[in-house]
Amino acid sequence: MRIKEFALQNTYGTKTLFCNKISNSLQKEADLIEACKANDSDAQQIIYELFASKMLSICLRYTRNKDEAQDLMHDAFIKVFLNIKKFRGDSSLETWITRIVINHTLSSLKKEMKRSKDVSIDDVEYKLEGETVEETNDSDVNSQRVLKKMQELPVGYRTILNLYAIENYSHKQIADELGISVGTSKSQLSKARRYLENLLNDKKS
């Protein structure tokens, strides 16, 4: 409704062109979705190319390296295309794909957490006794450096920090997703933040 009213009030110039572009973009996306539902490989390739970069960046936050991230992303896109017929349009296609990528990544991480000693997360203690954490200069910490250091976190810390700080999950949602208590989620988030600060300050973890 807002787009229609906007177009009526601006019957010429760049604003009307912008509204037309939005309408055309939404129609193209709808056409791509329908083509994917019909197993059109060209449409699948276009959707992959449209969203692969963002989905890879999400996977990179949860994994140790690019190879792991790419494997997770590729497997997640297989799930996207296998389940595209279930897409009802209640959210944007990007939001729907993002949810599948995150869910698939979490599923993989939970398996890793069961195998890994560093994720008996209640047993992991990270103490800073006798140490002071230096203030981090924003100009010295770019996003790539933070990402690299996040990849060095133990998988449990890395997962909880991502879910809370980036995906905006509540501690209750994290607890339900990972099968832990709310208290554990809170304590591990605190430890993860201190661990990351130490890594960014180039101290031994």
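Values in this text are rule-based calculations from the coordinates and carry no lab data. In this text, all values refer to a predicted model and were calculated from it rather than measured experimentally. For neighbour counting, all protein chains shown are included, and Cβ atoms are generated from backbone atoms with ideal geometry for every residue, glycine included.
As a calculated quantity, the FRET efficiency between THR95 and GLN70 at R0 = 25 Å, using C-beta atoms, amounts to about 0.70. If the segment from LYS86 to LYS54 were pulled out straight at 0.36 nm per residue, it would be longer than the present Cα-Cα gap by 9.3 nm. Taking label positions 7 Å along the Cα-Cβ direction at both VAL182 and GLU112, the computed distance is 2.9 nm, reported to one decimal.
Multiplying the residue separation of GLN173 and LYS37 by 0.36 nm and removing their Cα-Cα distance gives an extension gain of 45.8 nm.
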